[in-house]
Structures are given as C-alpha cells and as structure tokens.
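Accompanying notes for the structure given below.
The values are calculated or read from the model by the stated rules, or taken from the named source; none is laboratory data. Computed from a prediction, not measured in an experiment: that's the story for all the values here. FYI the Cβ positions are ideal-geometry reconstructions off the backbone, even for glycines, and counts take in every protein chain you see.
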Amino acid sequence: MGLWIEESKCFGCGSCVQVCPGDLLYLTAPKKVAIREQRECWDCMACVKSCAHGALLTKLPYTIADYGATIRPFLGEGWIKWVCRDQEGREEEFLLPR
Amino acid sequence: MQPERKNICADVVIVGGGTAGCLAAITIKELEPMAQVVIVEKAHINRSGCLAAGMNAINAYLNPGETPESFTRYVRYDAMGLLREDLVLSAARRLNDVVRKVEELGLPIQKNADGTYTPRGRWNIKINGENLKPLLARAVQERGAQVLNRVVATNYLLDREGRAAGVMGFGVRDGCFYSIKAKAVICATGGAAGIYHPHHPVDGHHKTWYSPFNTGAGYAMGIRASAEMTSFEMRFIALRTKDVICPTGTLALGFKAPQVNSLARRYMTTDFTHQGGEGAPTCLRLYGYLREIKEGRGPCYMDTRHLTPERVRELKESYLDMYPGIVLYWAANKIDPGKEPIELSGTEPYVMGGHCQAGYWIDRKRQTTIEGLYACGDVAGGYPFKFVSGCWAEGTIAGESALEYIKEERGGLGPSPVGEDLSLQLDREVERVFSPWFRQVRGESGVKPWEMEERIQTIMDDYAGGISSYYELSENRLVIAQEKLDRLVAQVKYLVAADFHELMKAHEVIDRLAVARVLVAHLRHRKETRWPGFQSRIDYPERDDLHWLKFVNSRMNQEGRIEIIERPYEQLVSGERYLPR
C-alpha cells in the first residue's frame, strides 16, 4: 500500500512519525513528513488517524485499484467517523463507536 | 564509532508490547504494583503488533452453553487432531474473564437487548475494536510499566546456569545499545511474515495479511539460545479477499457468505460435507479453494449477493473497525458486494502460533525450555486458534507465572537481578548487532537487507511451497531450499546498513533466515500430510496417525545445526478427534 502526503497541510508535528509501526515516516529539513518506501506501508492507517490536519491519506497500489477514490477518518471522544468518496465524488459516511 | 550503551534493570522484561505482551504487563502490575516491568517495543506501543488497525470481533469466546472442554474439542478438530490440549484448556478457562477485563478497560462490545454479548458465530462476539491497541497501551502505561519504544530486541542475556537474565537490543531512533537485565523474561513478539514471496511482489510488497513488521525476532532469539521450538511445519496460509487480503471470517460468520467457484457451485458444502462443509477446519477451507483453482474451476469467491443494501452497509462498518482498505478498494473499483461476489486468494505462508501452532515449546505455565524465559501469544507454540483473546489469556498466564518464578526461585522482587558479570555477552552482541552499520561506515560494499530478504523469499517460494506452487511440498525441493538457506548464513557478514532503520531491516532479515531454516527442517521431517493446504506433502499425501500423531520439535545446537526432537501427543479431552465438533 502507500500514502498520499498533502504537504500544504503538514505542519511537521511528527505524530505520524512517532506512531508508524514500520518506522517508515520521517521529517524532512523543512519539517514535512516523507515516507521511506511506499511499498513498505501496511495500510494500517495509524498515521492517517494520528494526523490532526488531514495531511495523510492511504493510497491503494495502482496494480489493484483505480485512481481517484479516498477514505478519510475523523476521530472524536468515543467515536470515529469515516468518509469514503469515489471518483465521481459520491460520499458514504459511517459513524462508529470506539 | 562505538554506540552508546544504556543499561536498565527490571524484575521482568517483556519483549513486544502487542496483544499478548500488554496483558502480561497489566497482569504483573496489578498483582504487584511495585514490580519493575519493562516492555521492549520495536515500534510504538500505541499502534504496534497485529492490532494496529483494530479488530471487529473476538473469535475465541465461550458463548452460553460452551465449556473449556467443548472449545478444546473444536480446536482439536480444526487443528486436524494434533495440538497441546493442556495449553488450550488452561487458556480457555480464562477467555471470558479476560474479554470482560478488556471491556472494563474501554473496549466497546456489541450487546443484545438483554445485555449479553452479540454472538457472530459459535466462538465469536462482535466488537468495535478500532481503538483496541491504544486502549491496551493506555492501560499498560497507567499501571506504571516502563515502555522502551523503538528498541529492537536482538538476543537474550543468559546467566552461567543457562537461565534467562535479560534482553539486548538497539534503538532505531537513538542508535544506542540496550541491555535490560531481569529476573524473568517474557517473549511476546508475535510470529513471522515475509518468509515467502508476498502475494503482491511489486508495489504491494507489504500488502500482507499478517503484520509485515512481525519478522520472527522472538523465534530467532529463541533459536539462537537453543530453546526448543515446535510445529513450524503447520504454516498458516490465510484464505482472504483478493488484492486487499482482507479477513473472510467477517463474510462467512457475520454475513453467511459461502465459498463458490466460477460455476457458482458451493464446493465446501458439497465436497466437504463429512468434514464440516463451510465450517470445515481452516486448512481444508484453503485446500478446497486451491483444488478448485488447480482443476480449472476458479476464480473462487465468497458469495455476498444475498446481502441487502442495509447489510452491505453493515459489512462496510464491520470492516472499517479492522480493515478499512477494503471499503476504499470497493469504492475505487466500483464493487457492490450485494451485486457481485468477493473474489478470494491465498496469502503467502506465515509462521505463527496464534492461528496455527508454530512457536516455543512451553509448559502449562508458559515457561519455555530455558529457565526463566516465558512465551505467550503468536510466538508460543502448541496452541492454535488463539486469536486476540487467546493471546490475552496466555499473556495473563505468562505474567502470573513469571511473577511466581521470581518469588519462588529468584529471591523475590528487588534490585540487582543478575549478580554475575555479563560484559562478554554484551561486547559480543554489540559487535554482532552493529556490524552491518560498521561495515557501511568503513565504506565497504556489501548486501543490502532488501536484497537478502528477496533472496530468502525467492528460495522459499521456489523450493519450500510458496504461492507459485499451490503451497505444495516435496522432499527433493525441500533439500534444495535447505542447501540454499544454509549457504546464505555465510552471507550475513556482508550485510550493510546506512542508518539505524536499515540496521533494523538487516536484523529482520537475519531473523527471517533463522526462522526459514527451522521451518524447512520441520517441513522435511514430517513425512505425512497432516494439514492439507497448509502442509501438503505431494510425496506423502495422506495423514498417517500410526507414525505421525506427534509433535515435530527442534533445537539449534552449538554448531548451528538444527536437531529434530519428536514429542508425543497427549489426549486430555475425551471424544472423536477428526469429525465435526
């Protein structure tokens, strides 16, 4: 799997660097997150959930999935909301306890 | 150029802060709040181990009417009649208590109107476990266990009597060498992925079902310390949804989806009726799928076309708690599980003791064959069908046993766990651990960890029953695997690592090589087919109880040779062993 990094949303807080189970993320000199190797990502989404600014998104390998869909988690106290969006912009929302 | 050394003393050191390790730590700190407990964690405890993404069910729970004995009978049937019944029984007695315990820590468990847990199958209940790992991590920290995040364990310290005396390792972030001396050690590292070519060899290299960061460190440390290992040959090969490798239990148990071939025939129901049909033992559900593919009736699917739009939404909710990637995959590829079935695939083989039973040979108290060294969770052998709650139960047993051992054999809790000088072991380990980095610093060329990783995976795939040969095994190919792996041992000294992340990767590949060698020795020794699909010997295609109803164990001797030891099976729970339970 892999990761989309939206640099404009990254403030270099390092919460994703702290949590990635594969030690795959690091901060570059201008304090932006970067991934060592896309193919080493497990898609556990620990980093995506840890990012308060929505700068990270899980990316499926192109060998298995069409371009353009996204899934984004929003975390609250006792709940998680997921918003899944397809290429045409159709959204599905899910609210679950956690 | 010598790394800084950090020395820590504790009563108990736990290797791995995952599912089992967290419960071991919580247990010890609740029984003895003054005990010094250190967890050595390769990643960060908040999202480390198998539960990083969460979990949507507890799959080893005694629903009303079930008993530890009925559970053991079922697990025995699922494990094709061979397992350590003493280990299964002792953990089964704790399953429901430990689930309640984790519920108290904050895990949301779905309930019926009368307050009982909502079953998902005979041994399963539904949870909303997205936050399960952070909950466990918080409980560990609230109870005062010390967590060393980003420290990779590399070997055990042993005292002159051969007892466990601590753990050594290095910091991925700080580059320091760590030694944690302790009176008892609990190994809870998990099992090993990445031994075989992955299902996705290119840009999905780590799109594995089992955590690709579980690289067999606990096994390798035990192998190097000459601990006895069991049942590596019972590999786990998961039947999963194609491409995103998502668990199928959710579809089969939660949403009643049968396996079908491309002709829409329910081959498990029709061909495996006497062995349980759709609920046949786990290895046969893989075997049935493989047979359809080999004989030209693939692809195979989980048939979800009976699901209403509301049920499809529930299915997505269920996966979001554990495997959100599949919801994204369906959106990206415009797949509606209510309209088309979900294609299946087998994963690459794993070595693990939580679904199958590869691991340390332990006694009922979870002590390994090394005094003072305990094992629990996926790294502990002999007890399959553990899953999350079984690992928790086993963690509590290991924690209690380690504490009892310290009190009875090691003079109780308190300072100076090891009196003798262990500096020779420490010096040797610094040299061994840092040598790939020293080599690079000296400007020498060599082998990158990823190169050796792919070499091992290629050997295993080609000669030791990988995905490319339907996982099938034969003596002549296994002999070649063994020779090629043995030759690689002499290549380890050429590994180079540019930084401490690469140094971690170097040790992951060294550990995988140790695991692969033991695995091949076990696969060669068992000359029957006990677990079709997981361990199909095409040269010995039948089960042979007369000669092989026993455990294949091994121990690496001082010269680095793997010696095989056979151990008897003991039936403790009465009843038929192979028919559906």
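Considering (1) farther than 19 Å from B:G279 by Cβ; (2) surrounded by fewer than 20 Cβ atoms within 10 Å (Cβ to Cβ), the lone condition that B:G81 does not fulfil carries the number (1). Number of residues in region A:40-67 that are assigned to a loop (DSSP other than H, G, I, E, B), within 16 Å of the chain's Cα centre (by Cα) and at the interface with chain B (Cβ under 7 Å from one of its Cβ atoms): the value is 7.
Could you please find all residues in region A:86-98 being surrounded by fewer than 17 Cβ atoms within 10 Å (Cβ to Cβ) and more than 21 Å from B:N56 (Cβ to Cβ)?
As a first pass, look at region A:86-98 and keep what is surrounded by fewer than 17 Cβ atoms within 10 Å (Cβ to Cβ): A:87-93, A:95, A:97.
Across region A:86-98, the qualifying residues are A:Q87, A:E88, A:G89, A:R90, A:E91.
Selection over region A:3-39 of residues that are under 21 Å from B:I245 (Cα atoms), facing chain B (nearest Cβ under 7 Å) and not in a helix (DSSP H, G or I) gives a count of 2.
As a summary of the residue check, A:P61 satisfies the conditions (1) touching an Asp or Glu at 6+ places or on another chain (Cβ under 9 Å); (2) at pLDDT below 95; (3) within 23 Å of B:L135 (Cβ to Cβ) except for the one numbered (3).
Specify the residue that is surrounded by the most Cβ atoms within 10 Å (Cβ to Cβ); the eligible residues are those in region B:529-543 that are charged (D, E, K, R) and within 15 Å of B:S469 (Cβ to Cβ). Show your work before the answer.
Going residue by residue through region B:529-543, those that are charged (D, E, K, R) are B:530, B:537, B:539, B:542-543.
Then keep just the ones that are within 15 Å of B:S469 (Cβ to Cβ); that gives B:537, B:539.
Values: B:R537: 22, B:D539: 13.
Here the residue is B:R537.
Just name the residue that is modelled with the lowest pLDDT out of those in region B:444-502 that are farther than 30 Å from B:P532 by Cβ and among the polar types (S, T, N, Q). Checked region B:444-502; the qualifying residue modelled with the lowest pLDDT is B:S445.
Could you list all residues from region B:38-87 that are hydroxyl-bearing (S, T, Y) and either part of a helix (DSSP H, G or I) or farther than 18 Å from B:S389 by Cα (or both)? First the steps, then the outcome.
In the first step, residues of region B:38-87 are kept if they are hydroxyl-bearing (S, T, Y); the result is B:48, B:61, B:67, B:70, B:72, B:74, B:77.
Once the filter is applied, which keeps residues that are hydroxyl-bearing (S, T, Y) and either part of a helix (DSSP H, G or I) or farther than 18 Å from B:S389 by Cα (or both), region B:38-87 yields B:S70, B:T72, B:Y74, B:Y77.
Report yes if some residue within region B:311-331 is of a type in the set (D, E, K, R), within 14 Å of chain A (Cβ to nearest Cβ), out of contact with any Pro (no Cβ under 8 Å at 6 or more places or on another chain) and in a loop (DSSP other than H, G, I, E, B); otherwise report no. Taking every residue of region B:311-331 in turn, at least one turns out to be of a type in the set (D, E, K, R), within 14 Å of chain A (Cβ to nearest Cβ), out of contact with any Pro (no Cβ under 8 Å at 6 or more places or on another chain) and in a loop (DSSP other than H, G, I, E, B).
The condition of being polar (S, T, N, Q) and within 16 Å of the chain's Cα centre (by Cα) holds for only one of B:S445, B:S401, B:S389, that being B:S389.
Of everything in region B:177-203, what is more than 11 Å from chain A (Cβ to nearest Cβ) and at pLDDT below 95? Give them in sequence order. Listed by number, the list holds a single entry, B:H197. Would you call B:E348 closer than 29 Å to B:A464 by Cα, part of a loop (DSSP other than H, G, I, E, B) and either within 14 Å of chain A (Cβ to nearest Cβ) or touching a residue at least 40 places away in the same chain (Cβ under 8 Å) (or both)? So B:E348 passes the test.
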